[in-house]
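S.K.: Before I ask anything, here is the structure I am working with.
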Amino acid sequence: MQEIISELNQIVSRERVIEDRAILTTYLRPTSGYTTGESEPVLPIAIVRPPTTDHVSQILKFANDNGVPIVSFGGGTSLSGGLSASKPSILLDMSQMNNIVSISLENSIATVQAGVTIETLNSVAQTGKVFVGHDPEILGTTFGGAIATNGRGYLSAKYGSMGDQIHGLEVVLANGDIVTGSSIKDSYSSGLNLSNIFVGTEGIYGVITEAQIVLFPEAEERRHYALEFPSFQHGFLGIQRLFAEGINPAMVNFVESAQDSEDNKIVVDSMSKAVLHLSLEGPSLAVDEQEAKVWDLVSQLGARDLGPTEAQQFWLNRHRPNEERSVSQVDTALKINAAVPPSRVLELRQQAINIFDIAGIHVGDCSILGRPEMFSLGIPSGQTEVSEESLREAAEAVMTIAVDMGGAVEHSYGIGVRLNRPYANQLGDGGLHLAKSLKEALDPKGILNPGKILLD
């Protein structure tokens, strides 16, 4: 181990290499909900905080030559085990690669190092009346982490996932080679889009060091609404109709909570109330027209307006520091985020609730984030009689159904270690073989984020 530490000290200055056990322990991250039954995360050999892409390149070349695993660490907000290591590794803390390299208002592009947080770029960009379309659930999310998981935020209804908002990437491969993607958006017929290889693949193919981010013009007006429906079914139908009518909301956050049900759990035919937080934005006249359509649609489904204060409070609460937010939802131990065709969402909800009910597990909330196909289901903590194995079996049964419906096992948090088995099912034998072949080509020694996404 000391040989590794000594070499790292040669690549970067000594103060950028941390081997203090107390500090190493603070970098361990639990997996939300069940685990895959593998060994607990182990302490890294050392934490290294590189300042430049060239330093990352040298570190990876050294690690590759010596077969030392590398785990990349951004803002530490992963909920799927993507930051944990199953064997002694070098933990690459990208937080000090936090420079905004440039902002081009003319081209609506910002070039940032991977450790820049979304809110940092936003605070600078807004002086030029532009903003970042990714609005993550947790503050402190870095661009490197958001791109690596292809995260979806609260504005994804209009602006898409993080991967939809990049023009190009700079990535370091396992052998230290530096690859730079095109700065021209990929709608052009220019062959392979190299950046897409590294979006959503959580660092198993390369380490993202720099990104070109799309900036959007500030809307003339953004209005927030809080609408209470008599049931999940009513609200979901309303969301489907909004999109079918061509209404393009900026935010869709729809939650049915067990706290609003009679017996504090969600059942298939539950008539517990569900609340839709909706945002419309654009020129004032266009927002007026969309708002009129919204009121017409939701009133037919029994929606009740909770008022502008409730709507604005939700938006403001979202953007407070994580520890200062008021929380009204059920404390969730496990979140399933499955994307399926909208026509199958209510069926998936029904089957999922039944599966968990048979396993003796209460469902705490059902929700939609962004678009109608983005369905989530939360399992509340505190169910002490529930074993991790029964939780895993029920969750993976739900994900299997989602895949059979033509869907995906995760739409927001990434695969990590928790979902690598369901993800293998989603890929199928051919897809899994292709993904592993690409891994063998780009990282033949398997040093990058081992054990993540792809089953060994």
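The values are calculated or read from the model by the stated rules, or taken from the named source; none is laboratory data. This is a predicted model, so every value here is computed, not measured. In this analysis, Cβ positions are derived from the backbone assuming ideal geometry, glycine residues included, and neighbour counts consider all displayed protein chains.
S.K.: Among the residues of region 105-151, which ones are of a type in the set (A, V, I, L, M, F, W, C), surrounded by 17 or more Cβ atoms within 10 Å (Cβ to Cβ) and closer than 24 Å to V71 by Cα? Spell out how you get there, then give the answer.
M.R.: Going residue by residue through region 105-151, those that are of a type in the set (A, V, I, L, M, F, W, C) are 105, 109-110, 112, 114, 116, 118, 121, 124-125, 130-132, 138-139, 143, 146-148.
Right, trim to surrounded by 17 or more Cβ atoms within 10 Å (Cβ to Cβ) and you get 109-110, 112, 114, 116, 118, 121, 125, 130-132, 139, 143, 146-148.
Passing the criteria: V112, A114, V116, I118, L139, F143, A146, I147, A148.
S.K.: Could I ask something else about it? Just to check your reading of the model, which residue among G370, G406, G382, G360 is within 22 Å of A244 (Cβ to Cβ) and surrounded by fewer than 19 Cβ atoms within 10 Å (Cβ to Cβ)?
M.R.: When all the criteria are applied, what remains is G406.
S.K.: Here are Q212, Q259, Q290: which of them is of a type in the set (S, T, N, Q), in contact (Cβ under 8 Å) with a residue 60 or more places away in the chain and either assigned to a helix (DSSP H, G or I) or not assigned by TED's automatic domain parsing to the domain that holds L121 (or both)?
M.R.: Values: Q212 fails: either assigned to a helix (DSSP H, G or I) or not assigned by TED's automatic domain parsing to the domain that holds L121 (or both); Q290 fails: in contact (Cβ under 8 Å) with a residue 60 or more places away in the chain.
Just a single option satisfies the conditions, and that option is Q259.
S.K.: Among the listed residues K452, K445, identify the single one that is out of contact with any Cys (no Cβ under 9 Å at 6 or more places or on another chain), assigned by TED's automatic domain parsing to the domain that holds V207, at pLDDT 95 or above and surrounded by 14 or more Cβ atoms within 10 Å (Cβ to Cβ).
M.R.: Exactly one of K452, K445 is out of contact with any Cys (no Cβ under 9 Å at 6 or more places or on another chain), assigned by TED's automatic domain parsing to the domain that holds V207, at pLDDT 95 or above and surrounded by 14 or more Cβ atoms within 10 Å (Cβ to Cβ), namely K445.
S.K.: Does Y188 satisfy the condition of being over 23 Å from the mean Cα position of the chain (by Cα) and modelled with pLDDT under 95? If you could, list the steps in order and put the result at the bottom.
M.R.: Details: over 23 Å from the mean Cα position of the chain (by Cα): yes; modelled with pLDDT under 95: yes.
Criteria met by Y188.
S.K.: Take region 84-112 and flag every residue that is of a type in the set (A, V, I, L, M, F, W, C) and within 17 Å of E15 (Cα to Cα).
M.R.: Within region 84-112, the subset of a type in the set (A, V, I, L, M, F, W, C) is 85, 90-92, 94, 97, 100-101, 103, 105, 109-110, 112.
Within region 84-112, I90, L91, L92, M94, M97 qualify.
S.K.: Just to verify a result, which residue in region 254-272, among those that are surrounded by 18 or more Cβ atoms within 10 Å (Cβ to Cβ) and in contact with a helix residue (DSSP H, G or I) (Cβ under 8 Å, 6 or more places away or on another chain), is modelled with the highest pLDDT?
M.R.: Per the criteria, the residue is F254.
S.K.: Now for a separate question. Given the criteria part of a loop (DSSP other than H, G, I, E, B) and either at pLDDT 95 or above or over 23 Å from A408 (Cα atoms) (or both), does S343 qualify?
M.R.: On the way: part of a loop (DSSP other than H, G, I, E, B): no; either at pLDDT 95 or above or over 23 Å from A408 (Cα atoms) (or both): yes.
Considered against the rule, which asks whether it is part of a loop (DSSP other than H, G, I, E, B) and either at pLDDT 95 or above or over 23 Å from A408 (Cα atoms) (or both), S343 comes out as no.
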